[in-house]
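Have a look at the structure below, then the notes.
The values are calculated or read from the model by the stated rules, or taken from the named source; none is laboratory data. All values reported here derive from a predicted model rather than from experimental measurement. Cβ sites come from the backbone with ideal geometry, for glycine too, and all protein chains shown count toward neighbours. Heads up: the accessible areas ignore ligands, DNA and RNA and are worked out on the full protein's heavy atoms, side chains in. Shrake-Rupley method; radii C 1.70, N 1.55, O 1.52, S 1.80 Å.
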Amino acid sequence: MEREVAMPRATPGPSEGSPGEPPRTENRSDVGPAHRKLMHIALPGCWGALLLACLSFTPSLLPRGGLIQGVISGITAAIGYGLGVLIAFVWRAFADRGPRAPRRWAWRVFLIAAVVLLAVSIGFGQYWQYEIRKLMGVTDYNILLAVASPFIAALTFGALLLVGRALRNLYRWAAKLLRRWIGPRAAKGVGWILVAGIAYVVVTGLLLDGFVGLANAAFSLRDTKTPEGVHQPTTSARSGGPGSIVPWDSLGWQGRSFIGTGPSPSDIAKFVHHPAEEPIRAYAGLASADNAEARAALAVNDLKREGGFQRKNLLVVTTTGSGWVDPSSVDTFEYLSGGDSATVAIQYSYMPSWISYLVDQSKAKEAGRALFDAVYEDWLKLPPGKRPRLFVAGESLGSFGGEAAFSGEYDLRNRTAGTLFAGPPNFNTLFREFSDHREKGSPEVQPIYKNGRTVRFTNNPGVGIPPEDHPWEGSRVLYLMHSSDPIVWWSPNLILHEPEWISQHPGKDVLQSMFWIPFATFWQITADLPFSTEVPAGHGHKYTAEYVDGWNAVMRPDGITAQELAHLREIIASEG
C-alpha cells in the first residue's frame, strides 16, 4: 500500500533520514509514532481527494443545502483519496520500486492547485444550485450552512479516513498474527478477507440491524397514536366504523389517517353536480392480523361487508412503508368516480417509506401480491356483468408491491381495468422490463413500450401521454415519473456505469449541465433520496395534481369537462 508521509520537515525524523544519520533522541511519549502516522497523508491520495471533491459540486437532480453538500464532498473526497493511493500502489508495482517521499515543491504545487480548484468548484456549485432552485421554484436557502459546507466536508473526510486506517491497521495485525502459521503472501490474502468480512458483518449486521431495530421500535410506538383532526368514522362504509370487523385501534397511524379522511358525498356532489354516494374505504393494519395474507383476507372481508364489490369502481392500493396511502391518488379516484367507488389497502411495516425502501422491499412485494389475489379471488366469483371495474395503484415502494401480483403487460391488461403507478423505484421488475425494452429512439425519461398499446409513461399527463398518435385500447397502464425524481433513477449501477437518462436529453426539470461522474454521481443521487419530497409539487418525488389527469386517462370517466379537470387539480393541489 502507499506509504503515507507528511509534508517534509526541515529536519527529517528517524523514518525519513539517511541510513547513516543518528536517530533523534527527544522524548515523544506524548505524541508517539502511532499519532504521527495518524496525521500523515499521501500526496497521490490528496490529489485523488481534491479531484473528486471538486467534482462533487456538480449538479444532481435536486437542490442541495450546505449540510448535504458537505457530506457528499467529504464522502467523495475519501473515495478519491483511496483511489489515489491505490493508483500509486499499482504504478509502483509495475515500476518495481518502493514508495518515495514527495519533494517539497510537490506539496506547494498541490496546495496552490487545491485553493484554486476548490474556489472555482464552489463558485460553480453555488451557481448550479441557484439554477436548480430557480427551475423548481425553491426559495429556501441557508447561507450559514453554505459557508459551513467546506468544514462539514473536512470533518466527514477525516472521519472516513480514520475508519479506513483503522481497517488497515486491523489487516496488518491479522496478517502479522497469521504469519505464525502460514506463509506471508497467504497471510496477507487471508488478512484482507478477514477484515472485509468483519467490516461487512459490522455494517450490515450490527449497525444496519441495530438501526432498523431502533427505527422499528420508535415507529411502532407512533403507530398506536392517531393524527390530529382524525376521528373514528361513524359510517359503516369505513373500516373501524360501526359494524366493521377491523378494530379502529388496530389500523395504525396511517390507516386511521386514510380511513378518517377523504372527500365527503357533499364534496363530490359539488364537483359532479349531482348527488353522490359515500366512497367506501377498507383497511387492515399490522395489529389487525398476524401476517400479510391474514390482513389481506380481513380487509377484503370488511370490504365485502361494506358493499365494496357492488360499487362500479374498485381500487386495490399497495401502501408505502408505514402503511401510507397517497390521499391525492385516492381522493382523485373518488371524485372522478362520482363516489361510486371502493378502495382497499393493508399495512406491512411500521417504518417510513425511505427506510422501508432500503430494508422492507420483500414485505411490500408480499403485501401487494396477497391483497390483489384476495380481492381478485372474490371478484372472479361475481357474475361477469356485475363485477366492478378493477383498478390497481401504488406510489414508490407501493408500485413495487403492486407490480408483484402480475407477470407482465398481458397479465395487467387481462386482470385489471386500469393501473396507475407513480414514482416507481428503479428496481421495479415490470418497470425495468418495460423501460429496458422501449422503442428505439424513445428516451429513458419518457419511454415508449410496444407503441403504447397498454403501458405508457409520462412526466406530466396534463401536457400529454406519448405516443399520442397511437390508439390506447382496452386496459390502460400508466406510470407517472418526474425527471427529477431520485427514487426513479437511483441505482447501484450509477457507481461505475453512466445511465441513459443522463447521457440522453435530460428531463424538463433537470439541469442540462448535469453529467455522470463515477462514484460521485451515485452519492449525489443517494443524498437526494431522503429529501425527494422536500420540493414543490410536480418535482422530485412529490406527485399531487398529476393524479387528476393520470386517473382521467386510465379511468376514462364519462362527462368530465376540461374545466372540471382544472377545478379538480386545484382541489387536489390545495389538499396536497
Please determine, by comparing only the residues of region 254-270 that are of a type in the set (A, V, I, L, M, F, W, C) and either within 15 Å of T343 (Cα to Cα) or modelled with pLDDT under 95 (or both), which one is surrounded by the most Cβ atoms within 10 Å (Cβ to Cβ). F258
Let me confirm something: among I487, I465, which residue is within 14 Å of S60 (Cβ to Cβ) and buried (at least 17 other Cβ atoms within 10 Å of the Cβ)? I487
Among the listed residues R3, R28, R103, which satisfies the condition of being on the phi < 0 side of the Ramachandran plot, surrounded by fewer than 19 Cβ atoms within 10 Å (Cβ to Cβ), more than 36 Å from the chain's Cα centre (by Cα) and modelled with pLDDT of 50 or more? R103
Filter pass, F427 being assigned to a loop (DSSP other than H, G, I, E, B), free of Cβ contacts under 8 Å to residues at least 40 places away in the same chain and of a type in the set (F, W, Y): no
Only residues that are over 21 Å from T458 (Cα atoms), crowded, with 19+ Cβ neighbours inside 10 Å and touching a Leu at 6+ places or on another chain (Cβ under 8 Å): list them for region 526-545, please. D528
With respect to the numbered conditions (1) open to solvent by less than 20 Å² (accessible area, probe 1.4 Å); (2) in contact with a helix residue (DSSP H, G or I) (Cβ under 6 Å, 6 or more places away or on another chain), which one is the sole condition not fulfilled by E366? (1)
Yes/no for V510 being open to solvent by less than 40 Å² (accessible area, probe 1.4 Å) and within 13 Å of the chain's Cα centre (by Cα): no
May I ask you to verify whether I448 is modelled with pLDDT of 95 or more, over 20 Å from Y547 (Cβ atoms) and open to solvent by 10 Å² or more (accessible area, probe 1.4 Å)? yes
Given E570, E564, which one is open to solvent by 60 Å² or more (accessible area, probe 1.4 Å) and on the phi < 0 side of the Ramachandran plot? E570
Residues being part of a helix (DSSP H, G or I) and open to solvent by less than 10 Å² (accessible area, probe 1.4 Å) - total across region 310-328: 1
I need the full set of residues from region 405-443 which are crowded, with 19+ Cβ neighbours inside 10 Å and among the aromatic types (F, W, Y), in order please. F406, F421, F431, F434
Inside region 467-576, counting only helices (runs of 4 or more DSSP H) that do not spill past its ends, which hold 3 or more residues that are within 28 Å of V316 (Cα to Cα), free of Cβ contacts under 8 Å to residues at least 40 places away in the same chain and aliphatic (A, V, I, L, M)? 562-575
Would you confirm whether or not region 271-287 contains a residue that is within 30 Å of P384 (Cβ to Cβ) and either hydroxyl-bearing (S, T, Y) or under 24 Å from the mean Cα position of the chain (by Cα) (or both)? yes
Out of G507, G550, G540, G559, report the one residue that is touching a His at 6+ places or on another chain (Cβ under 9 Å), over 25 Å from V71 (Cα atoms) and of a type outside the set (D, E, K, R). G507
Return yes or no: is A417 among the aliphatic types (A, V, I, L, M) and closer than 23 Å to G540 by Cα? no
Criterion violated by T58 - all others in (1) of a type in the set (V, I, T); (2) open to solvent by 80 Å² or more (accessible area, probe 1.4 Å); (3) at pLDDT 50 or above; (4) in a loop (DSSP other than H, G, I, E, B) satisfied: (2)
Give me the pairs: first residue in region 395-422 and assigned to a strand (DSSP E or B), second residue among the basic types (K, R), beta-carbon distance under 6 Å, and six or more apart or on different chains, which are they? G418/R476
List, please: which pairs have Cβ atoms under 6 Å, are six or more places apart or on different chains, and start with a residue in region 104-131 that is in contact (Cβ under 8 Å) with a residue 60 or more places away in the chain and polar (S, T, N, Q) and end with one that is assigned to a helix (DSSP H, G or I) and open to solvent by less than 40 Å² (accessible area, probe 1.4 Å)? S121/C54
Are any of the residues in region 288-308 at pLDDT 95 or above, touching a Pro at 6+ places or on another chain (Cβ under 7 Å) and over 15 Å from V246 (Cβ atoms)? no
If you check T533 against the conditions, is it farther than 24 Å from I448 by Cα and either touching a Gly at 6+ places or on another chain (Cβ under 8 Å) or charged (D, E, K, R) (or both)? yes
Can you tell me how many residues within region 273-289 are of a type outside the set (G, A, S) and either touching a strand residue (DSSP E or B) at 6+ places or on another chain (Cβ under 6 Å) or under 12 Å from G260 (Cα atoms) (or both)? 4
